[in-house]
1. Among the residues of segment 44-56, are any assigned by TED's automatic domain parsing to the domain that holds residue 156 and at pLDDT below 85?
2. Hey, does segment 329-339 have a residue that's out of contact with any strand residue (DSSP E or B) (no Cβ under 8 Å at 6 or more places or on another chain), modelled with pLDDT under 90 and assigned to a helix (DSSP H, G or I)?
3. Test residue 132 against the stated conditions and say whether it is part of a loop (DSSP other than H, G, I, E, B) and surrounded by 15 or more Cβ atoms within 10 Å (Cβ to Cβ).
4. Only one of (1) on the phi > 0 side of the Ramachandran plot; (2) modelled with pLDDT under 90 fails for residue 226. Which number is that?
5. Go through (1) assigned to a helix (DSSP H, G or I); (2) more than 20 Å from residue 115 (Cβ to Cβ) one by one and return the number of the condition residue 145 breaks.
6. Considering 211, 159, which residue is within 25 Å of residue 254 (Cα to Cα) and modelled with pLDDT under 95?
7. What residue, of 240, 207, is on the phi > 0 side of the Ramachandran plot and surrounded by 17 or more Cβ atoms within 10 Å (Cβ to Cβ)?
8. Quick one: count up the residues across segment 247-276 that are touching a residue at least 40 places away in the same chain (Cβ under 8 Å) and out of contact with any strand residue (DSSP E or B) (no Cβ under 7 Å at 6 or more places or on another chain).
């Protein structure tokens, strides 16, 4: 006697983990299917058995009123899985993993079993209202939901995008970037352990991002020319895995011009990290491993700030704002700073990175420029 399959007429979606009922039905071209609205196999089997028992009288046919329920269209979870399969290769690994986590934690438990056509702006606003997090996190959670809905609209799974009527969430105020003065940089660097000096000289005076410094290899350094090429980033992904990847924007791939004292710092760093190959990373920790921003904040920056008595908190990311602020205050051209930092437009510099540091000569330069154009009267007796 053949052994009965426990999951007969059932299958589990690999993305949402939701169980579905599926059965070939006479009179229909496609199998009849619907969600069991559970991720529990035991519960799915119970619901299947009850459903089949209710419909035995149809002798292989399912009631047409039930079958017409499938006209509501595809479930959100099904569309989300198709969107993920198509876009996975287009997204950075870290971005995809972030979307996947948000989907499985927040979105699929709420919308996975709903026909995507039935999701309304009210459903989305109720979902938002139940999120117990700040606006920045809410916007992050909504991003993949918004992308799936947009995908569904593009491919005619829905006629109207419900997000069109969703009340927008106010963008959170960005954390102000903090900048150190040149004197504070000097104190900071002089108080560092020698191992870290070249790294921070490079960060404070190059405009490079920490992920760019982490991913910098010796083959990208031209000590004679006095420049480095930024071609890839090194970031930490799922499970601490290090990912060496191309930057998101074309302008981030660039050549950075370095002052002579930064070149000297790199020559010193070469003694530590050059192992005979251009593939060697320029900046490494004392164990010979790639550097990571969180570790640098906790084990290098915070203790050094405390050592020099600087109460103002900064992170490794603020070295970039420090470079921008001090470079512009030294009268370098805005377009030069934009190129050094790899910005697409200069607005990002002004809106998010430049920080005013009061100086004794504030206001004097314009007066000096104006006075230089004035025709002064000749002195009497000359």
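The values are calculated or read from the model by the stated rules, or taken from the named source; none is laboratory data. Everything quoted here is computed from the prediction, not taken from an experiment. Cβ: placed from backbone, ideal geometry, glycine included. Neighbour counts: every protein chain shown.
1. From segment 44-56, those assigned by TED's automatic domain parsing to the domain that holds residue 156 are none; that's our starting set.
No, segment 44-56 contains no residue that is assigned by TED's automatic domain parsing to the domain that holds residue 156 and at pLDDT below 85.
2. In the first step, residues of segment 329-339 are kept if they are out of contact with any strand residue (DSSP E or B) (no Cβ under 8 Å at 6 or more places or on another chain); the result is 329-338.
Next, from what is left, pick out any that are modelled with pLDDT under 90: 329-331.
Checking which are assigned to a helix (DSSP H, G or I) leaves us with 329.
Yes, that holds for at least one residue.
3. On the way: part of a loop (DSSP other than H, G, I, E, B): yes; surrounded by 15 or more Cβ atoms within 10 Å (Cβ to Cβ): no.
No.
4. The failed condition is (2).
5. Result: residue 145 fails condition (2) only.
6. Working: 159 fails: within 25 Å of residue 254 (Cα to Cα).
Checking each option against the conditions leaves just 211.
7. Working: 240 fails: surrounded by 17 or more Cβ atoms within 10 Å (Cβ to Cβ).
Result: 207 is the single residue among 240, 207 that is on the phi > 0 side of the Ramachandran plot and surrounded by 17 or more Cβ atoms within 10 Å (Cβ to Cβ).
8. Residues of segment 247-276 touching a residue at least 40 places away in the same chain (Cβ under 8 Å): 247-249, 251-254, 256-259, 261-263, 265-270, 272-274.
Filter once more, so that each one left must be out of contact with any strand residue (DSSP E or B) (no Cβ under 7 Å at 6 or more places or on another chain): 248-249, 251, 259, 261-263, 265, 267-270, 272, 274.
Count: 14.
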